[in-house]
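Heads up, the thing below is written out as structure tokens.
The values are calculated or read from the model by the stated rules, or taken from the named source; none is laboratory data. Owing to the predicted nature of the structure, the values given are computational and were not obtained by experimental measurement. For neighbour counting, all protein chains shown are included, and Cβ atoms are generated from backbone atoms with ideal geometry for every residue, glycine included. To get the accessible areas, we keep the full protein, side chains included, count just its heavy atoms, and leave off ligands, DNA and RNA. Shrake-Rupley method; radii C 1.70, N 1.55, O 1.52, S 1.80 Å.
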Amino acid sequence: MFENFYVAVLNSISGIGSKTTKKLIDFFGSAENVLTADIQQLQQAGVSQKIVDNLIDFRNEFPDAAEKLFEFCNVKKIKICTFYDEEYPLILKKFSGAPVVFYYRGEIKPDAERIAVVGAREATQYGEKVSKMFSAELAAAGFTIVSGAAKGIDTFAHSAALKNGRTVAVLGYGLNKIPHDNQKLFEEIIASGGVIMSEFPPNMEGSKGTFPARNRIIAGLSRGVIVVEAGENSGALIAAKYAADNLRDVFAVPNDIFAEKSIGCHKLLRGGAILLSRVSDVFARYKLICRK
């Protein structure tokens with residue numbers, strides 16, 4: 001559906017995030033109409049003059065942006081899903097801050113039951129063992145394991161899930177900027193019926209701001225978030241906060257009280273997170289879902 005490429009282009013314009021993209025599409029009926037509207041029409045849409053100026057400047061400089069994006073994605077085998085598509089996961093659509101568009105490779109499977117497994121990049125042996133154990137057993141039970149494709153806990157989660165079921169990798173950079181070290185893992189995820197996805201345009205590099213944004217999508221896709229290991233300022237705590245703020249479950253794994261990587265998990269537990277010590281704790285929470 002070519003409209004998806006207009007949505008993606010509109011959302012990529014400076015100052016136009018998901019909220020403004022939806023507002024403009026609601027006003028004009030389609031993203032294509034937004035990108036072809038005259039300045040007077042745009043000024044009536046209830047957005048700032050700065051946004052109007054940015055939109056006009058962009059389309060003057062890149063009049064065939066949607067066509068170019070279509071050609072690029074076709075070559076790179078990248079698909080686009082928008083908030084308006086049937087395959088957009090309903091659980092993510094109900095999440096505050098849901099992206100209006102994301103790019104992906106693989107199979108979305110919108111009705112899959114997903115649970116996130118996240119944690120420290122510099123994982124301990126304990127964290128590795130726990131991440132692999134939970135991810136393998138939950139994947140075998142029918143859960144799709146969601147994580148952020150970073151080294152450490154995330155990679156352990158993806159790899160273990162692959163051997164037993166399905167996994168989703170949410171990236172903090174564009175799908176055309178995948179680090180060489182991750183390429184084999186990602187191709188295995190795609191080949192196994194999983195999906196790699198990103199809300200960022202294909203050629204966008206990762207930055208300080210993109211990875212926290214990625215964490216909200218990890219939480220948004222998932223019924224619950226399991227934090228395996230986390231230091232005091234771990235990005236995994238951002239995913240946990242997004243989950244808690246949207247009334248999703250937060251699970252935390254206890255650890256050595258003297259270990260730096262236990263600080264974040266114990267903080268979550270003090271704040272009301274569900275203590276997770278065995279996979280049966282998850283089954284008990286979701287007794288009607290995915291249990292074999």
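Note on Y126 and A191: the model spin-label points, each 7 Å out from Cα along the C-beta direction, lie 3.6 nm apart. For the chain, the carbon plus sulfur part of the accessible surface works out to 52%, probe radius 1.4 Å.
Rounded to the nearest 10 degrees, the angle from helix 210-221 to the longest Cα principal axis of the chain is 70 degrees. Computed over the alpha carbons of region 160-292, Rg followed by Dmax gives 15.9, 42 Å.
Over all Cα atoms in region 67-188, the spread is summed up by Rg and Dmax: 15.1, 49 Å. Across region 226-270, Cα-Cα distances exceeding 12 Å account for 52% of all pairs.
Accessible surface calculations at 1.4 Å, restricted to protein heavy atoms, place region 21-64 at 57 Å² per residue. Here K129 is the anchor, and the aspartates and glutamates within straight C-alpha reach of less than 19 Å, apart from those fewer than 8 places off in the same chain, are E137, D154, E229, D256, E260, D281. In the chain, the C-alpha radius of gyration followed by the widest Cα-Cα span (Dmax) gives 19.9, 63 angstrom.
In a simple Cβ point-charge model (Lys, Arg +1; Asp, Glu -1; nothing else charged), the chain has a dipole of about 1040 debye relative to its Cα centre. Remark: region 252-259, residue by residue, has Karplus-estimated 3J(HN,Hα) of 9, 9, x, 8, 3, 5, 8, 7 Hz, where x stands for each Gly or Pro and the curve is 6.51 cos²θ - 1.76 cosθ + 1.60 at θ = phi - 60°.
Per-residue extension of 0.36 nm, minus the Cα-Cα distance of R270 and K77, leaves a gain of 65.0 nm for this segment. Looking at region 186-292, the accessible area is 47 square angstrom per residue; that uses a 1.4 Å probe and ignores ligands, DNA and RNA. With the gyration tensor restricted to C-alpha atoms of region 14-61, the semi-axes of the equivalent ellipsoid amount to 14, 12, 11 Å, longest first. Centre-to-centre separation between the Cα atoms of region 79-143 and those of region 170-223: 10 Å.
The per residue volume of the convex hull around the alpha-carbon atoms of region 37-99 is 135 Å³. Sequence-distant contacts, meaning Cα pairs under 8 Å at least 6 residues apart, place the relative contact order of region 162-233 at 39 percent. In the frame of its principal axes, region 97-153 has Cα extents of 37, 25, 21 Å, reported largest first.
Remark: relative contact order (the chain) = 16 percent; criterion is Cα-Cα distance under 8 angstrom and separation of 6 or more residues. Relative to the longest principal axis of the Cα atoms of the chain, the long axis of helix 3-12 makes an angle of roughly 80 degrees. So for region 1-124, Kirkwood radius off the Cα pairs, Stokes-Einstein at 4 °C and 1.567 mPa s: how many µm² s⁻¹? Translational D for this selection: 81 µm²/s.
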